[in-house]
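Visitor: This is the structure, below, for whatever I ask next.
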Amino acid sequence: MILITGASGSIGRHLVQRLRGREITAFVRDPATGAELGCPYVVGDFDDPESVAAAVRGVDRVFLNAGGAQPVEGEQPMIRQQCGLIDAAAEAGVAHIVKVSVWHARAGARLAEGAHWVIEEHLKASGLGWNILQPSGFMQNFRTGAGVFTEDGHILGAYGESRVSYVDCVDIAACAAALLTEGARPGETYVLTGPEALTHAEIAAKLSAVAGRNIRYVDLSPRAFAAKLDAAGLPARFAQDVAELFAEVAGGRLAETTTAVTDLTGRPARTFDAFLRDNAGTIRDSWSSGTGPR
């Protein structure tokens, strides 16, 4: 039995589809979401330890994926939530966890990078079999609205002319499926990227061609970008941390490409053009209005 957390998200939905026909259970917060997924599910919440403990009973493997960094003071909630599931899984006799982390997770880093490092170390010390997936930025951010955009629907950032090797969540799900079903390779961490690294100006041009309108990349300094996020209602410290992370990306931290997707799945990683082609209708509907993705 495989338990899929984050089953309704950008990765989880693809993983559910890929594992159809296998013994899986989705961990969801409400029954309507479970019914929509069309697979067996259990209702629970990472902040409800009893529901987490119930969900992992009788499970062999877990796909561990949850929300990102939140604008809170002190420890990021994901640390408590994911470490709690790891502890419950160890107590229940789960054999293996495949965890989604972030590229460049490390001690003392800002927001998700630092939080995921703590969780990674907790998983490694748990006694469970484990694999860690460290993806680059998601291509889906340009479809779901998880990125940052101007009021009139242009891409906003502080990346400069740096390149980013965005990865399709379809590929992340495929890598997770391989590790969950085709014989685990315990103790390995995989950095997942697309096959190419693009500037955000290049991405804007590709989106323009699909959306049928001009989409630009608007580049700000880290200080101006933080002020923009602050004005949008984010706490000043959180906005500053986000801006600093963007500035690190501007230094080329996400420009490298890896072969991990091919190594795990036996096929090339999907290109941004393939992502746009497969999501053209949604992207056209979302971007054509001039407000960015909704």
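Visitor: In deg cm²/dmol, rounded to 500, what helix-only [θ] at 222 nm does the chain give when every DSSP H run of at least 4 residues adds -39500 (n - 2.57) and the total is split over its residues?
Guide: -12500 deg cm²/dmol
Visitor: Here's something else I'd like to know. Treat every Asp and Glu Cβ in the chain as -1 and every Lys and Arg Cβ as +1, leave all other atoms uncharged, and give the resulting dipole magnitude about the Cα centre to the nearest 20 debye.
Guide: Numbers: 27 positive and 34 negative charges, 133 e Å.
The calculation lands at about 640 debye.
Visitor: Residue 288 to residue 188: FRET efficiency via 1/(1 + (r/R0)^6), r the Cβ-Cβ distance, R0 45 Å, to the nearest 0.05?
Guide: 0.60
Visitor: Follow-up question, since we're still on this one. Just the Cα atoms of the chain, one point each, no solvent: what log10 I(q)/I(0) does Debye give at q = 0.07, 0.10 Å⁻¹?
Guide: Each listed q maps to, in turn, -0.26, -0.55.
Visitor: Next question, about the same structure. In debye, nearest 20: dipole of the stretch 77-228 around its Cα centre with unit charges on the Cβ of K, R (+) and D, E (-)?
Guide: Computed about the Cα centre, the dipole is about 320 debye.
Visitor: Compute the distance in nm between two label points, each set 7 Å from the Cα along the Cα-to-Cβ direction, one at residue 237 and one at residue 253.
Guide: Calculated label separation equals 1.9 nm.
Visitor: Please report, in debye to the nearest 20, how large the charge dipole of the stretch 32-80 is about its Cα centre when each Lys and Arg carries +1 at its beta carbon and each Asp and Glu carries -1 there.
Guide: Here the stretch 32-80 has a charge dipole of around 240 debye.
Visitor: Please report the accessible area of residue 23 (heavy atoms, 1.4 Å probe, ligands and nucleic acids excluded) in Å², nearest 10.
Guide: 120
Visitor: In 5 Å bins starting at 0, how do the alpha-carbon pair distances of the stretch 103-204 split up by percent?
Guide: For the stretch 103-204, the pair-distance distribution reads 2, 11, 17, 20, 20, 14, 9, 5, 2, 1, 0.
Visitor: Can you list the lysines whose alpha carbon sits under 28 Å from that of residue 228, skipping same-chain ones fewer than 8 residues off?
Guide: 206
Visitor: Also: Per residue, how much accessible area does the stretch 1-158 show when a 1.4 Å probe rolls over the protein heavy atoms, in square angstrom?
Guide: Solvent-accessible surface per residue comes out at 42 Å².
Visitor: Taking the Cα atoms of the stretch 7-136, what is the range of coordinates along each of the three principal axes, in descending order and whole Å?
Guide: Principal extents (largest minus smallest coordinate, Cα): 40, 29, 26 Å.
Visitor: Multiply the residue separation of residue 54 and residue 22 by 0.36 nm, subtract the distance between their alpha-carbon atoms, and state the gained length in nm to one decimal.
Guide: Computed gain between residue 54 and residue 22 is 9.5 nm.
Visitor: While we're looking at this one, here's another question. Multiplying the sequence separation of residue 267 and residue 33 by 0.36 nm and subtracting their Cα-Cα distance, what value in nm do you get? Kindly include the intermediate steps, with their values, before the conclusion.
Guide: Working: separation 234, 0.36 × 234 = 84.24 nm, distance 3.12 nm.
So the extension gain works out to 81.1 nm.
Visitor: On to the next question. Can you pull the percent of the chain's accessible area that's carbon plus sulfur, 1.4 Å probe, other chains left in place?
Guide: Details: 6150 of 12620 Å².
That fraction is 49 percent.
Visitor: Report the relative contact order of the stretch 144-292, percent, no decimals, based on alpha-carbon pairs under 8 angstrom and at least 6 residues apart.
Guide: The value is 41 percent.
Visitor: What FRET efficiency would be calculated for the residue pair residue 196, residue 224, taking the C-beta separation as r and a Förster radius of 30 Å, to the nearest 0.05?
Guide: After rounding, the FRET efficiency stands at 0.55.
The values are calculated or read from the model by the stated rules, or taken from the named source; none is laboratory data. These numbers were taken from a predicted model, which means no experiment stands behind them. All Cβ positions, glycine included, derive from the backbone under ideal geometry; neighbour counts span all protein chains shown. Protein only, heavy atoms only, side chains kept; ligands, DNA and RNA dropped before computing areas. Shrake-Rupley method; radii C 1.70, N 1.55, O 1.52, S 1.80 Å.
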